[in-house]
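We did not get these values from a lab; they are worked out from the coordinates using the rules stated. All values reported here derive from a predicted model rather than from experimental measurement. Positions of Cβ are generated from backbone atoms using ideal geometry, with glycine treated the same way; all protein chains shown enter the neighbour counts.
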Amino acid sequence: MRTIKFIVPILLTLLFVTDCNAQLSPPGLGTTQGAFWSALGVRQKLDDKNTSVTYLGFGRISDPESDADPFKKPSILVLNEEIYHKLNTHLQYSYAVSYRRQDQYESQAPYDLEPMAIQQEFRLYGRLSYTAMLGNAKWKTTYRQEVRKFFTPDFENVEDDFQLRSRFKTQVSLPLDNDHENSLLGSAEALFSISHDAAKGWGGYEYKESRFCFYYSYAPDTLPVTFDIGYMNDLMGHGHHIKDANYLALDIILENPF
């Protein structure tokens, strides 16, 4: 709860003084104390209204209880492709396909890999965003709907095989100079989902977690590249069953290389 009391005032401050679309935010990496996320992306403008963003990302995690070393164990590989379409100055939609390969670890010490150690996931999603300008700053609100399908390491079906997930996100950006080379970025996101079990059928639509991100972004005029370094706090569960994870993140995005 101390983390919530610390984060909420900072986030509200950012919201009321200040496009966080630049950074490649970390995925959720499950039960861990610390995590590290890194990604290399390519953003290519296709025409006046369409832009492609492709990235390859890797994640590492600590043990869930014994330490908080974010580099201790490999966790996830992500390959993602997304197409953005600008409708007008305020509205934008996108659609994407994603492949994820994630290691699964035991919940008890010594936290070894599970017998079925790798979870394969294919994900389709779309999002709709509305952007409002506040002087030189941007405030973006996004609704994202995901369809997730899970498989074993051999691409066979698993018990919890299918999930529909909704994500509601507000994003703000505060430029630090007139050239917009340096920016501070902040976001808050709530996630809700309904899952299908092969034996029990569909469960209920439930709140799952909240994610808070804070980034520093550097986009030099002399180089076609954007550098982002940041922090994410992932609050999983609710009530008396909240677990907290802290992420370090670093990504590099190449701008219009083709």
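Residue separation times 0.36 nm, minus the C-alpha to C-alpha distance between THR89 and TYR205: what's the value?
Between THR89 and TYR205, full extension yields 38.4 nm more.
HN-Hα J couplings of segment 150-163 from phi, Karplus 6.51/-1.76/1.60, θ = phi - 60°, integer Hz, Gly and Pro as x?
10, 9, 6, x, 9, 6, 9, 5, 10, 5, 8, 9, 8, 8
Report ³J(HN,Hα) in whole Hz for each residue of segment 195-202, in order, from the Karplus equation J = 6.51 cos²θ - 1.76 cosθ + 1.60 where θ = phi - 60°; Gly and Pro get x.
Per-residue couplings from phi come out as 10, 10, 9, 4, 9, 9, x, 7 Hz.
Rounded to the nearest 0.05, what FRET efficiency do VAL225 and ALA198 have when you use their Cβ-Cβ distance and R0 = 45 Å?
0.50
Specify which residue in the list TYR105, SER94, GLY135 is farthest towards the positive end of the charge dipole of segment 2-255, using unit charges on the beta carbon of Lys, Arg (+1) and Asp, Glu (-1), about the Cα centre.
The residue sitting most towards the positive pole is GLY135.
What is the gain in length, in nm to one decimal, between LEU113 and ASP69 on full extension, counting 0.36 nm per residue of separation less the C-alpha to C-alpha distance? Write down the numbers at each step before the final one.
Working: separation 44, 0.36 × 44 = 15.84 nm, distance 1.72 nm.
In short, 14.1 nm is gained.
Per DSSP H run of n ≥ 4, the term is -39500 (n - 2.57); total these for the chain, divide by its residue number, and report the mean residue ellipticity at 222 nm rounded to 500 deg cm²/dmol.
-2000 deg cm²/dmol
Quick check for me: using +1 on Lys/Arg Cβ and -1 on Asp/Glu Cβ, what's the dipole size of the chain about its Cα centre, in debye to the nearest 20?
Dipole size: approximately 800 debye.
Are there chymotrypsin sites (Phe, Trp or Tyr not before Pro) in segment 173-216 that DSSP marks as loop and that have at most 13 other Cβ atoms within 10 Å, and which are they?
TYR205
Around LEU46, which amide H atoms from residues at least 5 apart in sequence, or from another chain, sit under 5 Å from its own amide H, with H modelled in the peptide plane?
Hits under the 5 Å cutoff: THR51, SER52.
Any of LYS45/LYS140; LYS169/LYS243; LYS72/LYS169; LYS72/LYS243; LYS45/LYS149 with alpha carbons more than 26 Å apart? Name them for me.
LYS72/LYS169; LYS45/LYS149
Mind listing which chymotrypsin sites (Phe, Trp or Tyr not before Pro) in segment 68-107 are in a DSSP loop and have 11 or fewer other Cβ atoms within 10 Å?
none
Run the numbers on segment 131-258 and let me know its relative contact order in percent, using alpha-carbon pairs under 8 Å that are six or more apart.
The value is 16 percent.
Where does the charge balance sit around PHE122 when Lys and Arg score +1, Asp and Glu -1, over other residues with C-beta under 13 Å from its C-beta? Spell out each step's value before the answer.
Values: positive: ARG100, ARG101, ARG123, ARG148, LYS149; negative: GLU81, GLU121, GLU146, ASP161.
Net local charge, PHE122 excluded: +1.
Can you list the trypsin sites (Lys or Arg not before Pro) in segment 26-57 that are in a DSSP coil and have 15 or fewer other beta carbons within 10 angstrom?
Here the trypsin sites (Lys or Arg not before Pro) that fit, given the DSSP loop and packing criteria, are LYS49.
In nm, to one decimal, how far is the PHE155 label point from the ARG101 one, both placed 7 Å along Cα→Cβ?
Taking the simple label geometry, PHE155 and ARG101 are separated by 1.2 nm.
Which percent, nearest 5, of DSSP beta bridges in segment 2-255 are antiparallel?
95
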